[in-house]
């Protein structure tokens, strides 16, 4: 099992950024911190490449493939209301490609990698791995959805998240997990656990108390 080597600094970076944003938003500096969301995602992605790591052509190719597929799935949703429902992205996720933030594709790939690693650590058989990893992605999406309109990430028509969003999120997540499983992608478990937990804690906090 890959272990974190000289990468504990990355765990500190993850938590410092997430906790700082959580505290800053809670103290009334929401506009400033939320506008820096792209910076947080970019730093998380850089850490993924350095510490997970994404250090082979195969890993890079799979990451790029998931980025493309994630962007495509979101584009279909934004343009035609297919898969996830009718919604549009706000201003706080950075530059967009025909209405879809580039970083959304990055986030799809990043979450797929770290949740796959968590599932690999907990389960030996492939089917439980795929299902558990996809469910981890779905759980995080559920809590993200609750804060997304407030943070100007994205918003559904009439402010209602359709059931189809969660069903299709799970389906797409399963496809991504299958790709990772077939290509035998793995990485650092501690980094994956800390990054996933930091994101979950952040959105769970605002779901429960704000």
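Observations
- Top of 129, 146, 177 by mean-square fluctuation, Gaussian network on the chain, Cα under 10 Å: 146
- Mean separation of Cα pairs under 8 Å and 6 or more residues apart, divided by the residue count, gives the chain a relative contact order of 29 percent.
- GNM result for the chain, Cα springs below 10 Å: residue of 157, 141, 188 fluctuating most strongly: 157
- In plain terms, the residue of 20, 147 with the fewest other Cβ atoms within 10 Å comes first and the most crowded comes last, giving 20, 147.
- Among (1) 45, 36, 34; (2) 45, 37, 29; (3) 45, 43, 36, the entry derived from the coordinates for Cα extents along the principal axes in Å: (2)
- For residue 88 and residue 64, a Förster radius of 30 Å and the Cβ-Cβ distance give a FRET efficiency of 0.75, rounded to the nearest 0.05.
- Each of 114, 189 has some number of other Cβ atoms within 10 Å of its Cβ, and from fewest to most they run 189, 114.
- Extending 7 Å from the Cα toward the beta-carbon at both residue 157 and residue 123 defines two label points whose distance is 3.5 nm.
- Label positions at residue 12 and residue 135, each projected 7 Å from the Cα along the C-beta direction, are separated by 3.6 nm.
- Highest-MSF residue in the chain out of 47, 200, 160 [GNM, Cα springs under 10 Å]: 160
- Modelled label positions at residue 207 and residue 193, each set 7 Å beyond Cα in the direction of Cβ, lie 2.1 nm from each other.
- Using a Förster distance of 30 Å, the FRET efficiency for residue 39-residue 179 (Cβ separation, nearest 0.05): 0.60
- Residue list for the range 190-205, given a label point 7 angstrom along the Cα-to-Cβ vector of residue 146 and an amide N cut-off under 16 Å: 198-205
Any read-out appearing in this document is the output of simple, stated calculations on the displayed coordinates, not a laboratory observation. Values in this document were obtained by computation on a predicted structure and should not be read as measured data. Using ideal geometry, Cβ is built from the backbone for each residue, glycine included, and neighbour counts are taken over all protein chains shown.
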